[in-house]
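Visitor: Here you go, one structure.
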């Protein structure tokens with residue numbers, strides 16, 4: 001009886017040692033929230049939200065030390081911030097391109113009007129409407145052509 005108890009105790013201790021040496025695996029949940037931001041969490045997302053479960057092994061791979069969960073979170077946060085910066089830069093670039101197209105259209109229209117035969121009326125500094133003469137028209141036409149060249153030729 002004593003031998004059986006000691007044997008059972010020895011087997012239990014060995015099993016506990018094996019379990020203690022096996023690194024736990026963490027599940028990280030990845031999903032996009034309702035604002036379009038990528039979210040990572042160890043807690044599952046709200047019900048009804050599509051997500052991807054990523055299992056992170058806690059063991060070192062080929063000599064690389066395993067990252068702590070804090071380091072992994074920091075890395076993921078940096079990656080998320082970098083993606084946001086890149087997305088913001090692309091948005092700014094697209095807005096600048098859209099504005100350039102609008103400015104090109106305006107400049108072309110100005111050139112077309114200034115090359116026409118109709119009178120051109122401008123508002124002066126005091127708010128009065130004034131018809132421009134031929135010399136002013138020529139100066140405005142040169143300015144409009146310069147604008148068209150700048151905005152329409154990238």
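The values are calculated or read from the model by the stated rules, or taken from the named source; none is laboratory data. Please read these numbers as outputs of a predicted model, since none were measured by experiment. Note that each Cβ is placed from the backbone with ideal geometry, even for glycine, and that neighbours are counted across all protein chains shown.
Visitor: Taking the stretch 99-133 on its own, how many of its residues are surrounded by fewer than 15 Cβ atoms within 10 Å (Cβ to Cβ), assigned to a loop (DSSP other than H, G, I, E, B) and in contact (Cβ under 8 Å) with a residue 12 or more places away in the chain?
Guide: Total meeting the criteria: 1.
Visitor: Another question, if that's okay. Residue check: is residue 18 assigned to a loop (DSSP other than H, G, I, E, B) and either surrounded by 10 or more Cβ atoms within 10 Å (Cβ to Cβ) or modelled with pLDDT under 85 (or both)?
Guide: No; evaluated as a whole, the condition is false for this residue.
Visitor: Just name the residue that is nearest to residue 75 (Cα to Cα) out of those in the stretch 21-59 that are modelled with pLDDT of 80 or more, in a loop (DSSP other than H, G, I, E, B) and touching a strand residue (DSSP E or B) at 6+ places or on another chain (Cβ under 8 Å).
Guide: Checked the stretch 21-59; the qualifying residue nearest to residue 75 (Cα to Cα) is 42.
Visitor: Considering the stretch 134-154 alone, what residues qualify as being surrounded by 10 or more Cβ atoms within 10 Å (Cβ to Cβ), out of contact with any helix residue (DSSP H, G or I) (no Cβ under 7 Å at 6 or more places or on another chain) and more than 30 Å from residue 97 (Cβ to Cβ)?
Guide: Across the stretch 134-154, the qualifying residues are 136, 138.
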